[in-house]
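The values are calculated or read from the model by the stated rules, or taken from the named source; none is laboratory data. None of these values were measured; they are calculated from a predicted model. All Cβ positions, even for glycine, are placed from backbone atoms using ideal geometry, and neighbour counts span all protein chains on display.
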Amino acid sequence: MRALDRPLREQAEAVASDDADPAELLEEALARIEERNPRVNAIVATFPEESRRMLAEAPRGPLYGVPVAVKDEWPLPWRAERLGAAAHVGRAPAPGESGPYRALRDAGAVIVGVANMHEYGAGSTGHISAYGPARNPWDTERCPGGSSNGPGAAVAARLVAGAVGADGVGSIRYPAAYCGLTGLKPTFGRSTMAGHHVPQTTTIVSGPLCRDAADCRLLAGVLFGGALDAAAPEQLRIGIVPGELWEDCDPEVAAACRGALEALREATSGTVAEVDIVGREHVLISSILIGQTEELAGVTPERVAALPDEVSLVARALLRYRLLLPAVAISKAEAVRTVVRRSLAELFERVDLLAWPTVPAPAPPLENPTVELPSGTHPADFANPRQAGIANLAGVPAISVPVGRSGEGLPIALQLLGPWGSDELLLDAAEALEGANGREWVDAAPPLAA
Amino acid sequence: MTDEGESGAALDPAAATRQYVTAGLAALGLKARDDELAVIEAVDAVYRPSIRALLDAELDLVVPEPRADMSGPPRTLDPS
């Protein structure tokens, strides 16, 4: 197997032990991007000279010499973020040393490309971007998930073995689920957010998208500023929430996730019990309202009016819509947040983890990003936050783990959520689940990368 | 988000939304093209029920979480 096709940690080990030449690895990654990226549109910018300079100056850190990609949400010293958009709303960003850049640089990693993202981060599908949509490597006519569509597609297509995304309402977990990857949404505040364009955020976190939990542990440790310990989880108390989180899902998704849940319970000699979350019925809209309005501080009517036609019709319409949202709804969403946080804190005294499908249906078509659920046909952007928004609303960590494939060959994923600060436990549980599945789903590569 | 006219009589939701949006945007000095209005109406049709349910929710007894820190659990589980 070529070094570039190995998992992130194995690339790091190969370079550290002189089994792989980091300069050759970098050139191979750049060549791979040039050859394979046109099919998935995951990487929107490369900068070989800056990448080579990073390698030349790289310290012998935990990711020394390993190529990685960074979402178009983070400034780099040689390139400002563009948020997948043709124009910014307000002050134009400047190049700079974002937190993820510094963390990767100090770990010795080599940033080989900026990865695509859903325009302004405002979508769970990844089908809208000024660069054109990223495409799902499992089926290039399908959505890769958003808003970290580029990181997801880049890792799944084996352009890189790890990428840094950001998650404000599920934006790491959706592409992880759609692309058959593992994606960690860290506890709020644990991963670096320096230099982000929404410094006042209470929902967004940086986080890793990788093939499996061990790689996510390595990359998350870099973003956290300290390695994350691993342990074998035992007697996990897993809570499941009856109702739409499980029942209003594509039957194939629900079945695969129930199978994975049972495998995890058995592997850890654990238990599964039904629990409920107070305020659950308002989580979807509350997470969207808070997540989507946090960044409005820099928006003015004049700036919205000045947006050019190159900004998508959807974004121009949504920005206008957001200006008209009733303030009382935002205030009530904050009250829901309080109720949900208290309820989760009580629940996590009785269970170690909560579990339900990351997304209710596999990746929808790029041309029609809607999903068929028992309750009817819905835009994926409406159905997905119901599953993912609570982690951002409450600040708790969550991880998406691949657990199966649909009849059409599309990845299916289970989401695990834990109490604040339990990122290590989530990674432990994900590894236990991988083991219980014989690593079938984390080691699989899509046809274009096989 | 607006289901009633000035008189309180029920309006067609799409018409109510268009009225609310066009008037609201005009108050902000903004216009929306027909295609933008169509997107707004479609989005509003999807999210209106959830927003309406939130507006109707009885949450006045919820004791706020002062200086909430999202990196950890609420400081007190029982606000009383």
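Does any residue of the stretch A:322-333 turn out to be at the interface with chain B (Cβ under 7 Å from one of its Cβ atoms) and over 30 Å from B:L61 (Cβ atoms)?
Restricting attention to the stretch A:322-333, the residues satisfying the condition of being at the interface with chain B (Cβ under 7 Å from one of its Cβ atoms) are A:323-324, A:326, A:328-329, A:332-333.
Within this subset, residues satisfying the condition of being over 30 Å from B:L61 (Cβ atoms) are A:323.
Within the stretch A:322-333, one or more residues are at the interface with chain B (Cβ under 7 Å from one of its Cβ atoms) and over 30 Å from B:L61 (Cβ atoms).
Kindly indicate which of A:A333, A:A383 is more than 22 Å from the chain's Cα centre (by Cα) and outside any loop (DSSP other than H, G, I, E, B).
A:A333
Within the stretch A:241-252, restricting attention to residues that are more than 23 Å from the chain's Cα centre (by Cα) and on the phi < 0 side of the Ramachandran plot, which residue is modelled with the lowest pLDDT?
Of everything passing the filter in the stretch A:241-252, A:P242 is modelled with the lowest pLDDT.
List the pairs whose first member sits in the stretch A:193-209 and is more than 19 Å from A:F224 (Cβ to Cβ), whose second member is crowded, with 20+ Cβ neighbours inside 10 Å and among the β-branched types (V, I, T), and whose Cβ atoms are under 7 Å apart, counting only residues at least 6 apart or on separate chains?
Partner pairs satisfying both residue conditions: A:V198/A:I204.
Being surrounded by fewer than 24 Cβ atoms within 10 Å (Cβ to Cβ) and either within 17 Å of the chain's Cα centre (by Cα) or of a type in the set (D, E, K, R) (or both): is that true of A:D72 here?
Answer is no for this residue.
In the stretch A:121-151, which residues are in a loop (DSSP other than H, G, I, E, B) and charged (D, E, K, R)?
Within the stretch A:121-151, A:R135, A:E141 meet the criteria.
Those residues that are farther than 20 Å from A:G418 by Cβ and within 10 Å of chain B (Cβ to nearest Cβ), I need them from the stretch A:272-308; list them, please.
Matches in the stretch A:272-308: A:E281, A:H282, A:L284, A:I285, A:S286, A:I288, A:L289, A:T300, A:P301, A:E302, A:V304, A:A305.
Taking the options A:A345, A:A391, name whichever one is at pLDDT 95 or above, closer than 29 Å to A:P419 by Cβ and under 22 Å from the mean Cα position of the chain (by Cα).
Criteria check complete, one pass: A:A391.
Pick from the stretch A:393-409 the residues that are buried (at least 24 other Cβ atoms within 10 Å of the Cβ) and touching a strand residue (DSSP E or B) at 6+ places or on another chain (Cβ under 7 Å): which of them is nearest to A:R280 (Cα to Cα)?
Once the filter is applied, the top-ranked residue is A:V396.
Suppose the filter is of a type in the set (G, A, S), within 13 Å of chain B (Cβ to nearest Cβ) and either over 19 Å from A:S171 (Cβ atoms) or not in a loop (DSSP other than H, G, I, E, B) (or both); does A:G404 pass it? Give the steps one after another, and end with the answer.
Numbers: of a type in the set (G, A, S): yes; within 13 Å of chain B (Cβ to nearest Cβ): no; either over 19 Å from A:S171 (Cβ atoms) or not in a loop (DSSP other than H, G, I, E, B) (or both): yes.
In short, no.
Which condition does A:V340 not pass, out of (1) in a helix (DSSP H, G or I); (2) within 8 Å of chain B (Cβ to nearest Cβ), if it passes all the others?
(2)
Just name the residue that is surrounded by the fewest Cβ atoms within 10 Å (Cβ to Cβ) out of those in the stretch B:25-80 that are touching a residue at least 40 places away in the same chain (Cβ under 8 Å) and more than 8 Å from chain A (Cβ to nearest Cβ).
Among those that are touching a residue at least 40 places away in the same chain (Cβ under 8 Å) and more than 8 Å from chain A (Cβ to nearest Cβ), it is B:R52.
Those residues that are crowded, with 18+ Cβ neighbours inside 10 Å and more than 13 Å from every other protein chain (Cβ to nearest Cβ), I need them from the stretch A:364-382; list them, please.
Across the stretch A:364-382, the qualifying residues are A:P364, A:L366, A:L373.
Quick check on the stretch A:270-281. Is at least one of its residues in a helix (DSSP H, G or I), out of contact with any Pro (no Cβ under 7 Å at 6 or more places or on another chain) and of a type outside the set (D, E, K, R)?
no
Looking at this structure, is A:A317 crowded, with 20+ Cβ neighbours inside 10 Å, facing chain B (nearest Cβ under 7 Å), among the small types (G, A, S) and farther than 30 Å from B:E58 by Cα? Before you say what the answer is, go through the steps one by one.
Values: crowded, with 20+ Cβ neighbours inside 10 Å: yes; facing chain B (nearest Cβ under 7 Å): yes; among the small types (G, A, S): yes; farther than 30 Å from B:E58 by Cα: yes.
So A:A317 fits the description; yes.
Specify which of the listed residues (A:L289, A:L264) is within 21 Å of the chain's Cα centre (by Cα) and buried (at least 21 other Cβ atoms within 10 Å of the Cβ).
Only one candidate qualifies: A:L289.
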